[in-house]
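Undergrad: One structure coming up, written as structure tokens, with questions to follow.
The values are calculated or read from the model by the stated rules, or taken from the named source; none is laboratory data. For clarity, every value in this text was computed on a predicted model and none was experimentally measured. Here the Cβ positions follow ideal geometry from the backbone for every residue, glycine too, while neighbour counts run over all protein chains shown.
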Amino acid sequence: MKLNMLKEDRINYLNIGLMVLTAIAAYLFPFETFLLAYAYLGPLHYLTEISWLHDRNYFSKGKYDFLLLLIVGVLLSYAAFAKDFGVSVEVYDYFVKMNLFDKLLVFALFSSILFALVKNLIVKIIAILFLYVFVSGWLSPEKSDNNGGSTMVFALTSLVPTLIHVYLFTGLFMLFGALKSRSRSGLWQMVGFILVPIFLVFFIPVDVKRSNLTEYGKNAYYAGGDGFFYTSISVLEHFKLIDEPKFTNKQFLENYVNNEKSKQNIPIEERKRLNDSLKKRLNEPYIINDPTNEYYKKPIPVKNALGTYDKDSYWGIVFYSNIGIMLMRFIAFAYLYHYLNWFSKTEVIRWHQVPKIRFAAVIILWIGASVFYAYDYSLGLSLLFFLSFSHVLLEFPLNIVSIIGIGKESYLIATKGFNSKGN
């Protein structure tokens, strides 16, 4: 027992060191650190964790509970695949129209609470049906305007599969382990897990002129529009960390006056008049002079004017602003440490103790995934979407177990002292 504790202490202190190293990498190369970790450590983590979860029945009470989570992963992945490769695009359009991406993700998360707590199959089936009806109504397209500004909905649909998964759920898993084993070094590890990224993000000044950003970093992060570029924008905008870029005269001319469609509908004289009147004020906000318009005499946010995010309007914010780099530092730290923590605890978690054939399959698939990312980052993202997203879904019951475990162990410590242990 004492030897096991010493081994655990060594691993915990090693992890504090890994946090510091991760923070240094995230400070020096925030975008590249994240991109390389996601591409080359991520797939190995997905494969080994799914294998580990499988041997533990995905921490569910029922033997086949995981199939619902897997089906959700297949459906979401097929819709994403349809968009990326232009196959059955109508499927993707239907998912967007019915808001199925958000519905199925939240449904899977809530269902996992049942999987972690309930064994009776009939009870689970009835509860799952009620859950789906509830989620479908809550996240229906008709309520998109109300839900659009909801931080709870944003967290459940955008942050749960990304930052909450890699940072919050990782922290909860670590805290549960520390409390369950009554490990003081594990609690010190938690202190580092909280303080190191706070120091990295808020206390180390940002020098946008020396951000060490490479062309690879920009291109891979954008990945032809399929990368993480718009994820950063959604976080920055939702939490009002930036002022929304305003629609300019230049953008008005490009999108509403001089494009092919407009040339057919706007007389030549009118187009010439608009170009002449605005050509000396191209970078100024476009102002509508129609009193019936909601933006009368007010600048229009680019997203509202175009109906979508505009790459050029946000490029400087994501890659060259203080707040963009601060966010990227945290993302890089969260993802890289998420993977390093998993691999550093091999002897504790024992994810490597699997049949040799399965282990060989994991290594072969990992090498294949690495090749795809090296060849084309966007292609790697598309082909590995199912694996990356499904591992998030399949981990949900474990996240629920960790949260419940933290509550139980905290109660035991509060009532019987730190050295007391449950069964």
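Undergrad: Mind checking which pairs have a first residue in the range 208-221 that is within 12 Å of TRP315 (Cβ to Cβ) and in contact (Cβ under 8 Å) with a residue 24 or more places away in the chain and a second that is assigned to a loop (DSSP other than H, G, I, E, B) and not charged (D, E, K, R), Cβ under 7 Å, 6 or more apart or different chains?
TA: From residues that are within 12 Å of TRP315 (Cβ to Cβ) and in contact (Cβ under 8 Å) with a residue 24 or more places away in the chain, the pairs are TYR221/GLY227; TYR221/PHE228.
One line per residue, one yes/no per condition, for (1) among the basic types (Lys, Arg); (2) at pLDDT 95 or above; (3) assigned by TED's automatic domain parsing to the domain that holds TYR256:
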{"position": "LYS297", "(1), (2), (3)": "yes, no, yes"}
{"position": "VAL302", "(1), (2), (3)": "no, no, yes"}
{"position": "ILE325", "(1), (2), (3)": "no, yes, no"}
{"position": "ARG329", "(1), (2), (3)": "yes, yes, no"}
{"position": "LYS345", "(1), (2), (3)": "yes, no, no"}
{"position": "PRO355", "(1), (2), (3)": "no, no, no"}
{"position": "TYR375", "(1), (2), (3)": "no, yes, no"}
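Per-residue answers, yes or no, for (1) touching a residue at least 12 places away in the same chain (Cβ under 8 Å); (2) surrounded by 18 or more Cβ atoms within 10 Å (Cβ to Cβ); (3) touching a Lys or Arg at 6+ places or on another chain (Cβ under 9 Å):
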site	(1), (2), (3)
TYR78	yes, no, no
VAL87	no, no, no
TYR92	yes, yes, yes
LEU104	yes, yes, no
PHE115	yes, yes, yes
ALA127	yes, no, no
PHE130	no, no, no
LYS143	no, no, no
ASN146	no, no, no
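Undergrad: Hand me the list of helices (runs of 4 or more DSSP H) wholly inside the range 137-232 holding 1 or more residues that are at pLDDT 95 or above. Walk me through how you get there before you give the answer.
TA: Numbers: elements: 144-148, 151-154, 169-181, 184-198, 215-222.
Correct list: 151-154, 169-181, 184-198, 215-222.
Undergrad: Shifting gears a bit: Step by step: first the residues of the range 82-99, then only those that are hydrophobic (A, V, I, L, M, F, W, C) and outside any helix (DSSP H, G or I), then the one that is farthest from LYS143 (Cα to Cα). Which residue is that?
TA: Here is the first cut: in the range 82-99, the ones hydrophobic (A, V, I, L, M, F, W, C) are 82, 85, 87, 89, 91, 95-96, 98.
Checking the rest, the ones that are also outside any helix (DSSP H, G or I) come to 87, 98.
Values: VAL87: 29, MET98: 11 Å.
Out of the qualifying residues, it is VAL87.
Undergrad: Hey, another quick one. Name the residues in the range 368-409 that are without any contact (Cβ under 8 Å) to a residue 24 or more places away in the chain and among the aromatic types (Phe, Trp, Tyr), would you?
TA: PHE372, TYR375, listed by residue number.
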